[in-house]
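Asks: Here it is: the structure, laid out below.
The values are calculated or read from the model by the stated rules, or taken from the named source; none is laboratory data. Predicted model only: the values in this text are computed from it and were never measured. Positions of Cβ are backbone-derived with ideal geometry, glycine not excepted, and every protein chain shown enters the neighbour counts.
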Amino acid sequence: MKVGFIGLGHMGAGMAANLLRAGHTVTVYNRTPGKAQALVEQGAHAAARVADACRGEAVITMLADDAALESVVFGDKGVIGGLGKGAIHMSMSTISVALSERLAAAHANANQRFVAAPVFGRPDVAAAAKLFIVAAGAPDAVDACSPLFEALGQKTFSFGDKPPAANLVKLSGNFLLASVIEALGEAMALVGKAGIDRRQYLDLLTTTLFTAPAYKTYGGLIAEERFEPAGFAAPLGYKDIRLALAAAESLRVPMPLASLLRDRFLTLLAHGGEGLDWSAIGQLAAKDAGEADRLR
């Protein structure tokens, strides 16, 4: 397929490279042009403007937050103005349900198609084309994106014809991951203060009670205090919990644990954790217990 890719951060660069390896014709755009150079050397075309990345059958956006996506889509010479009739905008980052609804309506009004396809997986997983993709949109549009899904992930889950459903599923998943991180941090603070080796404790947990990859990945980061470089930065985790709470409020669904997690992220950020991985909230319990003097 002829596809554009907008957003070449930790996730996007690896994803765009996988599309090239799969034989797709890829035009890339990033606000900082230098980030496109490595992909150009692999065969990608560099776009000088957002609209220049929207000349193909589809354009993928992988941007940090709602504000970044809004500026790219609705801005002057943006995605709406550059995308052809019947072409597809596939949004793969974690955005609000409200923005997904707005995007679906705007693309429909422009006779374009919109697919929400957020992903589960950290940058190393993205680079290995092993993402899990959550897709929702008109069946014909989702089917048309299948070659792209195959190049980017190991499995795609379809959640119907309304794009915001995929975004809500993604937000709920990130809420659960943050809950795992907080629970692991508290449990490790408990055993650690008693003098028990945290790595040995984690080995017990992940070979018996909790064998899911999330426990192994985030448990390892907490046990070894490896919060830099950030695979998924703390401000993004805070953003996702706020978006989950906003969706919950609109649906009148109380989420007391999500409210606690929002405050944990605020605490982390207040202590200078902006550059840390979001798993650093797992160290807050040790700090509260007097076992960690500072966040690092």
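Asks: Return the pairs, sorted by first residue and then second, in which the second residue is among the hydroxyl-bearing types (Ser, Thr, Tyr), the first residue lies in region 185-204 and is over 10 Å from residue 219 (Cα atoms), the beta carbons are less than 7 Å apart, and the residues are 6+ apart or on different chains.
Replies: Once the first residue is over 10 Å from residue 219 (Cα atoms) and sits in region 185-204, its partners that are among the hydroxyl-bearing types (Ser, Thr, Tyr) give 191/201.
Asks: Pairs needed: first member in region 125-143, small (Gly, Ala, Ser); second member anywhere, surrounded by fewer than 23 Cβ atoms within 10 Å (Cβ to Cβ) and in a strand (DSSP E or B); C-beta distance under 6 Å; at least 6 residues apart or different chains.
Replies: 135/156; 135/158
Asks: Take the conditions of a type in the set (Lys, Arg) and modelled with pLDDT of 95 or more and apply them to residue 77. Does it pass?
Replies: no
Asks: To continue, here is another question. Against the condition in contact (Cβ under 8 Å) with a residue 60 or more places away in the chain and among the hydrophobic types (A, V, I, L, M, F, W, C), how does residue 88 come out, does it pass?
Replies: Criteria not met by residue 88.
Asks: Restricting to region 208-220, and then to whatever is of a type in the set (A, V, I, L, M) and over 14 Å from residue 187 (Cα atoms), can you tell me which residue is surrounded by the most Cβ atoms within 10 Å (Cβ to Cβ)?
Replies: 214
Asks: Same structure again: Does region 62-90 hold any residues that are in contact with a His (Cβ under 7 Å, 6 or more places away or on another chain) and not in a helix (DSSP H, G or I), and which are they?
Replies: The answer is 83, 89.
Asks: Checking the condition within 28 Å of residue 9 (Cβ to Cβ) and hydrophobic (A, V, I, L, M, F, W, C), which residue from 281, 196 passes?
Replies: Answer to the selection: 281.
Asks: Based on this model, can you work out whether residue 89 counts as modelled with pLDDT of 95 or more and surrounded by fewer than 22 Cβ atoms within 10 Å (Cβ to Cβ)?
Replies: no
Asks: Note down all Cβ pairs under 7 Å where the first residue falls in region 109-121 and is closer than 29 Å to residue 212 by Cα, the second is among the aromatic types (Phe, Trp, Tyr), and they're at least six residues apart or on different chains.
Replies: 119/132; 120/132; 121/132
Asks: Do any helices (runs of 4 or more DSSP H) entirely within region 93-169 hold 2 or more residues that are acidic (Asp, Glu) and over 14 Å from the mean Cα position of the chain (by Cα), and if so, which?
Replies: Once the helices (runs of 4 or more DSSP H) in region 93-169 are filtered for at least 2 residues that are acidic (Asp, Glu) and over 14 Å from the mean Cα position of the chain (by Cα), what remains is 139-144.
Asks: Quick test for you: out of 262, 226, 252, 242, pick the one residue that is exposed (fewer than 13 other Cβ atoms within 10 Å of the Cβ) and either farther than 21 Å from residue 66 by Cβ or not small (Gly, Ala, Ser) (or both).
Replies: Numbers: 262 fails: exposed (fewer than 13 other Cβ atoms within 10 Å of the Cβ); 226 fails: exposed (fewer than 13 other Cβ atoms within 10 Å of the Cβ); 242 fails: exposed (fewer than 13 other Cβ atoms within 10 Å of the Cβ).
From the options 262, 226, 252, 242, the qualifying one is 252.
Asks: For region 270-292, how many residues are touching a helix residue (DSSP H, G or I) at 6+ places or on another chain (Cβ under 7 Å), surrounded by 15 or more Cβ atoms within 10 Å (Cβ to Cβ), free of Cβ contacts under 8 Å to residues at least 60 places away in the same chain and of a type outside the set (Gly, Ala, Ser)?
Replies: Residues that pass the stated criteria total 2.
Asks: Filter region 1-44 for residues that are closer than 17 Å to residue 119 by Cβ and in contact with a Phe, Trp or Tyr (Cβ under 6 Å, 6 or more places away or on another chain) and give the result.
Replies: Hits for region 1-44 are 6, 16.
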